[in-house]
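Notes for the one structure printed next.
Every number here is computed from the coordinates shown, using simple stated rules; none is lab data. None of these values were measured; they are calculated from a predicted model. Cβ: placed from backbone, ideal geometry, glycine included. Neighbour counts: every protein chain shown.
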Amino acid sequence: MEPFPGMYDIFWWEDLPPHAQEAASVLGYTEFTWDNSSEPPVYHWLWDELSSEVQEAAQQLGYNSEWWDANIYESMEPGMYDDFYWAELPPRVKEAAGALGYTDAIWDDDGEPDEVYWLWSELGADLQEAAGVLGHDLDSWNEYIYESTEPGEWSDYGFSELPIEIQEAAEELGYDQKDWDDGKETKITKKKWNKLTADQQEAARRLGYDESTWE
């Protein structure tokens, strides 16, 4: 029978054929991680990043380069590498994290470089690509920023200085450049939270507000 991806997934460690158990060990499995379906870090490395020994072990378990890389791209999501130590990161991920300002010390201490607080539009194409390698897109990246934003955090900025996403949120709440720069309220910002439309509530969240801090 031709090997295929996942063909040994239903086996307990002690039931694996000797060659499959040896291959799994090369990939970084132990009896505990295999029996608990916990994939080792190497499963997040692209095929071309694997050593020839690891590629051969993967093939012994039924994997090929097409399936291996497709599985990585299909499973990408924000935070997917958060549980990895710097030394465990795939080379392309380590390079992307470095571009975003991470060092081994910052990463392993769960710290965050300044660039992590830049909105997507402020990153530029190179850093957007790096963020993409870490599983982010425009929506997920900005959502993290909005969740970290304190109420009134943007009020010290002139309207023209605001990132485009924040300008759009301010406009949704009835601001124009003059009203924003003069620190005036709008008819919308005087409303109670439950009187705001869904779009207006979302705009308020982008400015750091929620129901408890709006009024």
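What aspartates and glutamates does LYS190 reach when the alpha-carbon gap must be under 17 Å and sequence neighbours fewer than 8 apart in one chain are set aside?
GLU171, GLU172, ASP176, ASP179, ASP182, ASP199, GLU202, ASP210, GLU211, GLU215
Between SER160 and THR103, what length comes free when the chain is fully extended (0.36 nm per residue of separation minus the Cα-Cα distance, one decimal in nm)?
Between SER160 and THR103, full extension yields an extra 17.2 nm.
Semi-axes of the range 63-116's equivalent ellipsoid from the Cα gyration tensor, sqrt of 5 times each eigenvalue, largest first, rounded to whole Å?
Value: 24, 11, 10 Å, ordered largest first.
Straight-line reach from LYS192: which lysines fall under 24 Å, measuring Cα to Cα and dropping same-chain residues less than 8 apart?
Within the straight-line cut-off, LYS192 pairs with LYS178, LYS184.
How big is the range 149-214 along each principal axis, measuring the range of its Cα positions in Å and listing the largest first?
29, 23, 16
Checking a compactness column here: for the range 1-75, what do you get for Rg(Cα) / (2.2 N^0.38 Å), N being the number of residues?
Values: Rg = 11.6 Å, N = 75, 2.2 N^0.38 = 11.3 Å.
Computed over Cα atoms of the range 1-75, the ratio equals 1.02.
How much length is gained on full extension from TRP193 to GLU49, taking 0.36 nm per residue of separation minus their Cα-Cα distance?
Extra length available between TRP193 and GLU49 comes to 46.8 nm.
Using only Cα positions of the chain, each an equal point scatterer, no hydration layer, compute I(q)/I(0) via Debye at q = 0.17 Å⁻¹ and quote the log10 values to two decimals.
-1.11
Rg/Rh for the range 54-175: what does it come to with C-alpha atoms and Rh from Kirkwood?
Values: Rg = 18.1 Å, Rh = 16.6 Å.
Rounded to two decimals, Rg/Rh equals 1.09.
Which one, PRO113, TRP34, ILE166, projects farthest toward the positive side of the charge dipole computed for the chain from Cβ point charges (K/R +1, D/E -1)?
ILE166
Using Cα-Cα distances under 8 Å and only pairs 6 or more residues apart, what relative contact order does the range 149-214 have, in percent?
It comes to 46 percent, rounded to a whole number.
In percent, what relative contact order does the range 75-182 have, based on Cα pairs under 8 Å that are 6 or more apart in sequence?
Here the relative contact order equals 27 percent.
Please report the spacing between the Cα centers of the range 157-215 and the range 38-78 in Å, no decimals.
First find each Cα centre; the distance between them is then 46 Å.
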